[in-house]
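The structure under discussion appears below in the form of structure tokens.
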Amino acid sequence: MMVVVLAALFLAQLGNSLYDLIFSNYLRDVQHLDAEQRGFLELPRELPGILSLVAVGALFFLNEVKLTSVACLLAALGCVGLMHTDASSGLWVLSGWVMTVSLGQHILIGTIDSIVMHTARPENRSMRLGQMRALGTAAMLCASGFVWLKWQFNDSFRVDYWVLTAVFLAAMAALWMIKAPEFPRRKSWRESFVFRREYKVYYCLEMLHGVRKQLYLTFGFWLMVSTLGQSPERIGMILLIAGVIGLGTQPLIGWCIKRYGERRVTIFDSIALSFLCLAYAFAPELLPRGWAVGVVGACFVLDNLLFAMGMARTTYVARMCGDRREDITPSIYTGIAVNHVASIAYGVLGGLIWMYTGGPQAVFLIGGLATVGAGLVARKMS
């Protein structure tokens, strides 16, 4: 049964990775968006991070595995809609379908972590989470390879969305039909909303990570596509490299969290990201184009690998929940909601800053300040 769960989660993460890989190029080449519109689109793309908390509350009668199945169905429906959307459809129609896919993705983010937290022994949670992230990296590796090879011969986004729909539906069917392990049951929707004072450090870290996340998922991709003119196959090749490295480093990061603790790992993550923000900000301006592509590509690989250190926040809040196992899933989704309030705000603000300053420097320097702040907050982790 767990083999089927893992296979289905692999498919779900394969769909997520493929969608993220082609999304920026789809917006540029099919929807013809500028930087300001791209920043605006982060509102419907990130708002589901908040709505996922409401959706999980409304579906309190489903366990975590069935919730993941519903998430895959939503992602599949959104991909079908994007397949039939072009520039003439308008920004509001595009936003609606982006929001549908994103709601599925954000429910999926929380359920995967929650499944690991509930099924692993407390002392092994970070290592099991690292192994699950390695599974996600393997999925990204496959998606990157697919995009790189497919775009050598076919440049149709419609084909990509057909593949995405099939992958999400396959994951949905597998997850819905299996008998899942026992999870703490929620008797009403109220039990799906948890906000406790003792988790304030976790909430603060998630808020600052919301800003940091935009630097990679939105502005890093947009820097590669818009400023440096990189194609989907080139980005796919870069993430292919990141995936190969990540297969080994993510379980290692899980071991480091167990060995050195969430506090030290989170502080190290903050320091490393601060240097990456400086490289993102100034490499395109100060270096020749070829060198800039190489430096930003290397930053892209390192940034992707550092994302795995976010496991420390998940294991930290699970440890803070202690014997209140029923708090784990709601707390993870509360963190996701807090994360996305900051993410939405900085997505829109960053797009405006990029548009009116004419470059990425200010966007990445402000984000760098947020990473420094995360390191200072991490010092309060117990």
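The values are calculated or read from the model by the stated rules, or taken from the named source; none is laboratory data. Keep in mind that what you see is a predicted model, and the values were worked out from it rather than measured. Quick reminder, even Gly has a Cβ in these numbers, built from the backbone with ideal geometry, and neighbours come from all protein chains shown. When the accessible area is computed, the model is the full protein with side chains, heavy atoms only, and any ligands, DNA or RNA have been set aside. Shrake-Rupley method; radii C 1.70, N 1.55, O 1.52, S 1.80 Å.
Residue 118 satisfies every condition listed in (1) touching a Phe, Trp or Tyr at 6+ places or on another chain (Cβ under 6 Å); (2) touching a residue at least 40 places away in the same chain (Cβ under 8 Å); (3) crowded, with 24+ Cβ neighbours inside 10 Å; (4) not aliphatic (A, V, I, L, M) except (3).
Tell me which residues, restricted to region 266-288, are within 30 Å of residue 380 (Cα to Cα), without any contact (Cβ under 8 Å) to a residue 24 or more places away in the chain and among the small types (Gly, Ala, Ser). Steps first, please.
Step one: list which residues in region 266-288 are within 30 Å of residue 380 (Cα to Cα), which gives 266-281.
After this cut, where a residue has to be without any contact (Cβ under 8 Å) to a residue 24 or more places away in the chain as well, the list is 275, 279.
Across region 266-288, the qualifying residue is only 279.
In region 325-354, the qualifying residues are those that are out of contact with any Lys or Arg (no Cβ under 9 Å at 6 or more places or on another chain) and over 18 Å from residue 211 (Cα atoms), and the one that is surrounded by the most Cβ atoms within 10 Å (Cβ to Cβ) is 328. Listed by first and then second residue, the pairs linking a residue in region 48-68 that is β-branched (Val, Ile, Thr) to a residue that is modelled with pLDDT of 75 or more and open to solvent by 20 Å² or more (accessible area, probe 1.4 Å), with Cβ atoms under 7 Å apart and 6 or more places separating them unless they lie on different chains, are 50/341.
Inside region 223-242, can you point out the residues that are assigned to a helix (DSSP H, G or I) and open to solvent by 10 Å² or more (accessible area, probe 1.4 Å)? Answer for region 223-242, where residues must be assigned to a helix (DSSP H, G or I) and open to solvent by 10 Å² or more (accessible area, probe 1.4 Å): 226, 227, 233, 234, 237, 238, 240, 241. For region 139-178, the tally of residues that are assigned to a helix (DSSP H, G or I), more than 23 Å from residue 73 (Cβ to Cβ) and open to solvent by 10 Å² or more (accessible area, probe 1.4 Å) stands at 8. Counting only helices (runs of 4 or more DSSP H) wholly contained in region 6-115, the ones carrying 2 or more residues that are surrounded by fewer than 24 Cβ atoms within 10 Å (Cβ to Cβ) and among the β-branched types (Val, Ile, Thr) occupy 48-58, 64-83.
It is to be established whether one or more residues within region 284-294 are surrounded by 17 or more Cβ atoms within 10 Å (Cβ to Cβ) and either modelled with pLDDT of 85 or more or among the charged types (D, E, K, R) (or both). Don't jump to the end; show me each part of the working.
Initially, region 284-294 is screened for residues surrounded by 17 or more Cβ atoms within 10 Å (Cβ to Cβ), giving 284, 292-293.
Pick out the ones that are also either modelled with pLDDT of 85 or more or among the charged types (D, E, K, R) (or both) and you get none.
So far as region 284-294 goes, no, none of its residues is surrounded by 17 or more Cβ atoms within 10 Å (Cβ to Cβ) and either modelled with pLDDT of 85 or more or among the charged types (D, E, K, R) (or both).
Condition first: closer than 28 Å to residue 307 by Cα, open to solvent by 50 Å² or more (accessible area, probe 1.4 Å), at pLDDT below 75 and part of a loop (DSSP other than H, G, I, E, B). Can you find one or more residues in region 185-193 that meet it? Scanning region 185-193, I find at least one residue that is closer than 28 Å to residue 307 by Cα, open to solvent by 50 Å² or more (accessible area, probe 1.4 Å), at pLDDT below 75 and part of a loop (DSSP other than H, G, I, E, B), so the answer is yes.
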